[in-house]
Amino acid sequence: MLSPVEREVMAQLFAAIPEEMGAVLVRSARSPNVRERRDSSAALFTASGELIAQAAHIPVHLGAMPDAVAAVMAKGARAGEGWVLNDPYTGGTHLPDITVIEAVGRTGSSAPPIAFAVVRAHHAAVGGTRPGSMPPGARPLREEGVIIPPTRITADGETIDDVVESLVTRMREPEVRRADLAAQLAAAARGGERWRELLARYGAEWLGRAVQDLLLYAERRTRAALATLRDGVYDAEDFLEGDGITDDLLSIRVRVTIKGGALAIDFAGTAPACAGNVNCPISVARSAALFVARCLIPDDVPTNGGVARCIAVTAPDGCLVNARAPHAVAAGNVETSQRIADVLFLALAQAGAPVVAQGQGTMNNVILGTDSWTYYETLGGGQGGGAKGPGPSGVHVGMSNTMNTPVEVMEMELPVRVERYEIRRGSGGKGETGETGGRGGDGVIRELRVLEPCSLSLITERRALGPRGLAGGGNGQPGRNLVNGREVGSKVALELEAGDVVRIETPGGGACG
């Protein structure tokens, strides 16, 4: 067993590897979505597929990565190979999130891998019926873009050019896709390089013991934190505002059983998979569960596979949160993941978990583009207030953790002008003490004028049902979507003319009484 000092040193060394992988990616990427918004994530896994360490990146990316590693393991990945995938039913989440995995081995070895370095990045356009590859209301998965099953993309450290070309030539802006894929491959390779350095420094036996010690340590600490909650069975329900085809509410129900420092999470009673694309694979549901658990444990607990050992997630086959091919899932990854987190927090609040009121509960996906350019962004809003004080304003909430696209970058690189970007004052819920302690954070207003004809896709939530307050606090205000001053729905696809103005008002957070 490691000493406390050794444990901390090794935890920091392990965590530094995916952080460096992420830095390589964003400094090498070409698209603003990765380079500026940092819509990407990196992590390191054992040879058996357990998380060693992850960077502080995107929750919905990271919690679903074990399924991607399992998918390439099932294909017999060998050391020195790189793999690529995005199929949500074979290790992916939704099609724009392309995952690159390096099977790490000792230099010059093609034996079974000793680790896996994983990089996931959101590519703003991977084909499909509309720019942005997230068409609201898409029905079969193929309408959303190119589907990539686990595919070998490098061998012996060399990129297989034919594979890259067969992918990017079927996507919009192939030169940008090619550059971002190259950046992902470089980032994954850096992870492998750093792991081999640790292997040379400490030796395989000692390094393996350190990994297992940290996994057991995280598991012990997680169970201890969850054991402070009241054992029992807790039910909760929340809703999605339609699937992009109809506005009918879609129920997400959960039953959380807490016993002995472990969570059993069951989505029985959740609506069946729908015709539109707010469905998601079970990997996304697991990702939300891991995010919620991470929020309940102390900050000094390493985020590794030991946390996941304490959580079991089940859902009826073919339901909204455990969809099956060929259901479309683009909106499920970004919006349904948020609602899953919301409903889990509702359930855990009943068990005495120290949660805050609901945040904005949406990523406010905005897509503008043509066949030659694409703008994709998720927008911040209000976080929920809590017993210790108000929620912050204008932040990404829940399963999202990106930055915004700087105005200067947008206006230099895209035919778009930013007319307004400001806090949406007064949109957060009111706390018991009025404007101060416990109030919800405010949303934002983002107003864009397009300078040439283009397509618009909006995939948003919390436009009808505002985020709920907690313990008597007020609800946050719902968001609004407007085109040329006319309010449009939460999930719409429109064609714009030069001079048209798109205004997004994001939701405020709920308040804590």
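Values for this structure:
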item: Hits in the range 229-246 - residues which are more than 21 Å from residue 296 (Cα to Cα) and of a type outside the set (Gly, Ala, Ser); result: 239, 240, 241, 243, 245, 246
item: Extreme residue, farthest from residue 304 (Cα to Cα), among residues of the range 280-294 that are touching a strand residue (DSSP E or B) at 6+ places or on another chain (Cβ under 9 Å) and open to solvent by 10 Å² or more (accessible area, probe 1.4 Å); result: 282
item: Candidate set: the range 165-180, residues that are of a type in the set (A, V, I, L, M) and out of contact with any helix residue (DSSP H, G or I) (no Cβ under 6 Å at 6 or more places or on another chain); chosen: the one most open to solvent (accessible area, probe 1.4 Å); result: 179
item: Sole residue being out of contact with any Pro (no Cβ under 9 Å at 6 or more places or on another chain), touching a residue at least 24 places away in the same chain (Cβ under 8 Å), of a type in the set (D, E, K, R) and open to solvent by less than 10 Å² (accessible area, probe 1.4 Å), chosen from 152, 120; result: 120
item: Matching entry among 490, 455 (being surrounded by 24 or more Cβ atoms within 10 Å (Cβ to Cβ), within 25 Å of residue 331 (Cα to Cα), of a type in the set (S, T, N, Q) and in contact (Cβ under 8 Å) with a residue 60 or more places away in the chain); result: 490
item: Any hit, the range 90-97, residues being within 19 Å of residue 337 (Cβ to Cβ), open to solvent by 10 Å² or more (accessible area, probe 1.4 Å), within 14 Å of the chain's Cα centre (by Cα) and among the aliphatic types (A, V, I, L, M); result: no
item: Conditions (1) of a type in the set (A, V, I, L, M, F, W, C); (2) open to solvent by 10 Å² or more (accessible area, probe 1.4 Å); (3) out of contact with any Lys or Arg (no Cβ under 9 Å at 6 or more places or on another chain); (4) at pLDDT 95 or above: number failed by residue 114; result: (3)
item: Residue tally, condition closer than 20 Å to residue 361 by Cα, under 17 Å from the mean Cα position of the chain (by Cα) and not aliphatic (A, V, I, L, M), over the range 262-315; result: 10
item: Per-region count, the range 199-210, residues among the hydrophobic types (A, V, I, L, M, F, W, C), under 13 Å from residue 52 (Cβ atoms) and open to solvent by 10 Å² or more (accessible area, probe 1.4 Å); result: 1
item: Scan of the range 1-28 for residues that are closer than 20 Å to residue 192 by Cα and surrounded by fewer than 13 Cβ atoms within 10 Å (Cβ to Cβ), ordered by number; result: 12, 27
item: In the range 158-208, residue farthest from residue 113 (Cα to Cα) [restricted to those that are polar (S, T, N, Q) and without any contact (Cβ under 8 Å) to a residue 12 or more places away in the chain]; result: 169
item: Selected residue (only one of 231, 213 is touching a residue at least 24 places away in the same chain (Cβ under 8 Å) and open to solvent by 80 Å² or more (accessible area, probe 1.4 Å)); result: 231
item: Among residues of the range 250-279, those that are at pLDDT 95 or above and either more than 15 Å from residue 319 (Cβ to Cβ) or open to solvent by less than 10 Å² (accessible area, probe 1.4 Å) (or both), counted; result: 16
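The values are calculated or read from the model by the stated rules, or taken from the named source; none is laboratory data. Quick caveat: nothing in here was measured; it's all calculated off a predicted structure. Methodologically, a virtual Cβ is constructed for each residue, glycine included, from the backbone with ideal geometry; neighbour enumeration extends over all protein chains shown. Quick note on the areas: whole protein, heavy atoms, side chains included, nothing else; ligands and nucleic acids left out. Shrake-Rupley method; radii C 1.70, N 1.55, O 1.52, S 1.80 Å.
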